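Reviewing the structure listed below.
The values are calculated or read from the model by the stated rules, or taken from the named source; none is laboratory data. Source: prediction; values computed, not measured. No Cβ is skipped: glycine too gets one built from the backbone with ideal geometry, and neighbour counts run over all protein chains shown. The protein model used for the area step is the full one, side chains on, heavy atoms only, and it has no ligands, DNA or RNA in it. Shrake-Rupley method; radii C 1.70, N 1.55, O 1.52, S 1.80 Å.
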Amino acid sequence: MVCRRLGTTKAALRIYDPFFCEGRTVAHLKQLGYETVYNRNEDFYAVKAAGKLPEYDVLLTNPPFSGDHIERIFRFAVKSDKPWFLLVPQYIARKAFFLDWLSNRRPKGTPRPSFVAPTQKPYVFTAPDRADVREMSLSCLWAPHNKPDFSPSDAIREDDATGALTRLTNLRHLSVEGQDLGGAYLLDFVEALTQLTCLHACGLACNMEEDLQALPDSLERLHLEHFVILRGDLDDEDDNDSNAAAAAADEGTQHLGMCHLTRLTQLSLQLGELPDDLRIAERLPAQLLELTASAVSDDSDGSAGPCAVLTLLGGLTRLQQLQRLTLRNCRESKAGLLALNGLPTLTEINLRYDQVLADVQTSSAWAQLKQLRSLHVRTARLEQNRAYDGGRGFKRVMEGIEAAISLRKLHLDLRDGSLGNSMRPKLFGYLTGLQQLQELRVKGQ
């Protein structure tokens, strides 16, 4: 298809693979009929900086998964004005740099990349000439992208759609989901909905300080699910390490652009794929009555996990009217939890844990949270290389529950093997003192 669109043949199509790896790309593609392939043992970044990139028609590569190689080749690809094919791990589709381009920086009329992945089993990567590297089975996908012929009618249709939504002047409740509705596209028309009181957005990807200012000040309830915070600019990509480090330091802190939402009383904030050095300088709206929050940090190797959202938000001391708090995937420190006792109007705390019991280190704080009404402990399964702790985590958590006499609701989903034969008889014995408990759910392995 690419050959046909470019008016060339497979043999003449100029393919560029900037990462040499084992140097087998040329031979593999030649077997498929592609004879004009540039793949040499050279430093791609140095060649690019020197302005000595080869002439090519298509970029095709499987970049290294470590460090920031995937992000850097992606930035290069989208600015190249060429068709590109990248073999990358599937978690890239959730990365902020990808969502930023997809939602906010993709030129009008340019379609989203398509994704091609195996349906039966993951790719198996091998390094045949390196005995020290074992086979790796990873969930990966191809992200092919063709630059289409720009059609002005596409832009007109998109503008008309946005204009139609802004004419829904009586809209009170709006719920949208999906990456292609996130970012600038959503905020372009939401700003005009001056009667909107409830907004539920899933997969929103935007800059907090700038883009959230577009939210209408009529909002009373706001739910941001898997809210990805964007930073950086594809147009400012610079391979100079010192410049990149300085830019990263400047962008390490963002302001939460919600000060204008003076009617907002309910906020659900699920922060996803956060840069691990991000801090939010500005506090939440002071008049909040209900808050649900969670956060997932993002590492450069693609691994992600829950983090302490209260620390990220700078604490909740500003919320002197807060009545109900729910922390999902709770990773707060004991000191962070006990600081909640300083909120004078807080009457209900709900904590949800999703980790191996041995990793729950704050159970001794539960008894000191007099407002603790609901506790949900959902244990993760033990990793293959991790040994069972012999019940020490189970004992510590259950003793914490036993002392939390203010509990009204308790959910235990124990799937890490902690509810073994020796522990099962002891489980309900820990609960006999919870005289205010109204709802109990227990699930074993």
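Brief remarks follow.
- Take residue 191: with every protein chain present and a 1.4 Å probe, its accessible area is about 110 Å².
- For the listed peptides 429-437, 314-322, a ranking on the average number of other beta carbons within 10 Å per residue, highest first, reads 314-322, 429-437.
- Förster radius 51 Å - calculated FRET efficiency between residue 66 and residue 286, Cβ distance, rounded to 0.05: 0.70
- Label point 7 Å beyond Cα of residue 260 along Cβ direction - residues of segment 187-205 with amide nitrogen under 20 Å: 187-201, 204-205
- Placing 311, 345 in order of accessible area, with the largest value first and a 1.4 Å probe, yields 311, 345.
- Heavy-atom accessible area ranking, 1.4 Å probe, most first, across 1, 398: 1, 398
- Residue 445 paired with residue 378, simple spin-label distance in nm, labels 7 Å along Cα-to-beta-carbon: 2.0 nm
- Pairs with C-alpha atoms separated by more than 31 Å, drawn from the list 52/121; 48/95; 10/95; 48/121; 121/426; 95/370, are 52/121; 10/95; 48/121; 121/426; 95/370.
- Accessible area per residue was computed with a 1.4 Å probe on protein heavy atoms; residue 102 scores about 10 Å².
- Ranking by accessible area, most exposed first, for 428, 44 with a 1.4 Å probe: 428, 44
- Here each label is just a point 7 Å from Cα along the line to Cβ, and for residue 318 and residue 26 those points are 5.9 nm apart.
- Counting all C-alpha pairs of segment 1-87, share separated by more than 20 Å (%): 31 percent
- Full extension of the chain between residue 115 and residue 50 yields a length gain of 20.2 nm, computed as 0.36 nm times the residue separation minus the alpha carbon distance.
- Long-range HN-HN contacts of residue 331 with modeled amide H, under 5 Å: 309
- Residue 66 exposes around 70 Å² of accessible area when a 1.4 Å probe is run over every protein chain in place.
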